[in-house]
Amino acid sequence: MEYLEYLIMAGQLILGLSILVGLHEWGHMFAAKTFGMRVEKYFIGFPPKIWSIQKGETEYGIGAIPLGGFVKISGMIDESMDTEAMNKDPQPWEFRSKPAWQRLIVMLGGIIVNVIVGVFIFIVLAYIDGEKILSNAEVNKYGIVAGDLGKQIGLRTGDKIIKANGKSYTCFNDIVSLDVFLASNSTYTVLRDGKEMDIDIPNNFIEKLSDADRDDKMSFISPAMPFKIRELVPGMPAAKAGIKAGDKIVSINGAPIRYYNELQETLPKLKGQEAKIVIDRAGQQQDINVKVSADGTIGLYPESLLAFTTIKFTVGEAVKEGTKNAFNVVFNNIKGFGKIFRGEVSASKALSGPIGIARMFGGVWDWNRFWHLTGLLSMVLAFMNALPIPALDGGHAVILSYEIISGRKPSDVFLENAQKVGMVLLLGLMAFAIFNDVWKAVF
């Protein structure tokens, strides 16, 4: 099963990146062809070549390394470093023969397409899914459950969070949003034993969240959740013992079970033992003996009895909400880089490469999560490509903007050297990200 999960992770990553890179490079190609530039190659994936077809002046193909792609535009200094072609006289169909404003649009074409795709995905998701929220009142009906990370900053199970950064909030998502963790000197205001107090959130706390396992992230804080049994796992102890979907667990070995976290805390203490479980079935209580498995589970999925609210959006509202969600990805990336530069978060904890991204997709193919992450990656790809680093679209855009403003075109030698420096930086960053992923996965 573990190998299958890895394959599903890799499959989702490859599909998502292929869609985004393909559209990004199509943006460059479309703009170039619109201005009469010759596009020699359009590839998804890097060499060696797996397959290609020639149509007109352009070779369309797929490379064996599915972590990027490229277009080769005649007369452009790019990663191919085709200096021999650049030493010849410029031809009318070449990139270098066109006005600077046209070349600038070509370089921004990929970024623009990624922004459009990311915004479109978030708009569609907002319209289809709406927004499922747990209101402030529901969060504080029973208080929160503090996991290990929550306890580290001083939170306790039973606390009622009434403010985040001094402001009241609408729903649970507001108090665990990146806006809280990326701000400086953040605080929670909690109600504990009838008294209000402020709990400081360390400036590097997002680093701990990033470094934590998925289960630790989920248990940072969660609402105390009364529950009933939604589904049973066939062949597991609960199903074998006769527990049914819809039952409510009242107690285990005499210890009251009111919330799902209490069940999670109790069962691991009874590994391999027989437990007396009192259940409520349609208002009638009955005792059922259940043999707890060796890993401390009995095989059930809970259904929350908290009152979640689903907010559905009109098309206009979905456009507004989806656009906001898409650009929040960019703003959060900017805030994240700010924390790295201020030394509040280490780059090794904050940055992820392909392995880290694959783990985000998870080992189960969930289309909703797939499209959400693909939309997020589209905005991240646009942001990263807009950075003013030579060899990236943003670096080319800076040089072209200089040319437009000053009226002076940098020499081909300068452009070639800038491309080399940019490629070294990018390859170094990619190597760091992959090594960092492996290090975090192993250690």
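The values are calculated or read from the model by the stated rules, or taken from the named source; none is laboratory data. Because the structure is predicted, anything quoted here is derived from the model rather than measured. FYI the Cβ positions are ideal-geometry reconstructions off the backbone, even for glycines, and counts take in every protein chain you see. For accessibility, only protein heavy atoms count, side chains too; no ligands or nucleic acids. Shrake-Rupley method; radii C 1.70, N 1.55, O 1.52, S 1.80 Å.
Annotations for the structure displayed:
- Top of D280, D393, D200 by mean-square fluctuation, Gaussian network on the chain, Cα under 10 Å: D280
- For the Cα trace of the range 20-172, dividing Rg by the Kirkwood Rh returns an Rg/Rh value of 1.28.
- Under the criterion of Cα pairs below 8 Å and six or more residues apart, the relative contact order for the range 274-357 equals 13 percent.
- Full extension of the chain segment joining S401 with A255 gains 45.6 nm, where the gain is 0.36 nm per residue of separation less the Cα-Cα distance.
- Label-reachable residues, the range 338-382, where backbone N falls under 16 Å from a point 7 Å from Y6's Cα toward its Cβ: 354-360, 362-364
- Most fluctuating residue given options K320, K195, K132, as computed from a GNM of the chain linking Cα atoms under 10 Å: K195
- Accessible surface of the range 198-305 [probe 1.4 Å, protein heavy atoms]: carbon and sulfur percent: 45 percent
- Over the chain, DSSP H runs of length four or greater, each weighted -39,500 (n - 2.57), average out per residue to a 222 nm ellipticity of -15500 deg cm²/dmol.
- Out-of-range pairs (alpha-carbon distance over 22 Å; input K160/K335; K49/K98; K269/K291; K132/K269; K49/K72; K151/K228): K160/K335; K49/K98; K132/K269; K151/K228
- Cα-Cα separations in the range 241-281 greater than 13 Å, expressed as whole percent: 52 percent
- Length-normalised contact order of the range 1-110 in % [C-alpha pairs under 8 Å, at least 6 apart]: 28 percent
- Taking the range 239-307 and dividing mean pair separation by its residue count, relative contact order in percent (alpha carbons under 8 Å, at least six apart): 32 percent
- Multiplying the residue separation of K88 and Q152 by 0.36 nm and removing their Cα-Cα distance gives an extension gain of 16.5 nm.
- Candidates G11, G375, G246, ranked by Gaussian network fluctuation over the chain, Cα under 10 Å, top entry: G246
- Against the chain, whose longest principal axis is taken from its Cα atoms, helix 412-442 shows a tilt of about 20°.
- Degrees, to the nearest 10: 100-129 long Cα axis against longest axis of the chain: 20 degrees
- Using alpha-carbon coordinates, inclination of helix 393-406 to the longest axis of the chain, degrees: 50 degrees
- Here is the size of the range 143-186 from its Cα atoms: Rg then Dmax, 10.5, 26 Å.
- Calculated on the alpha-carbon coordinates, the convex hull of the range 293-439 measures out at 213 cubic angstrom per residue.
- Computed accessible area, S346, all protein chains, 1.4 angstrom probe, square angstrom: 40 Å²
- Over the range 128-228: Rg over Rh, Cα atoms, Kirkwood Rh: 0.95
- In summary, the convex hull built on the alpha carbon positions of the range 11-53 has an orientation-averaged projected area of 3.5 nm².
- Panel note: the C-alpha atoms of the range 363-443, placed on their principal axes, show extents of 54, 30, 13 Å (largest first).
- Remark: spin-label model distance A100-D179 equals 4.0 nm, labels positioned 7 Å along the Cα→Cβ axis.
- Here the gap between K320 and L429, fully extended at 0.36 nm per residue and compared with their Cα-Cα distance, gives a gain of 35.8 nm.
- Among V278, F181, N204 - extreme Cα towards positive end, dipole of the range 178-291, charges at beta-carbon: V278
- Using the 1.4 Å probe convention, the accessible area of the chain works out to 53 Å² per residue with neighbouring protein chains retained.
- Value of Rg to Rh for the range 166-294 (Rh from inverse mean 1/r over Cα pairs, i.e. Kirkwood): 1.08
- Kirkwood Rh, angstrom, the chain [1 / mean 1/r, Cα pairs]: 25.5 Å
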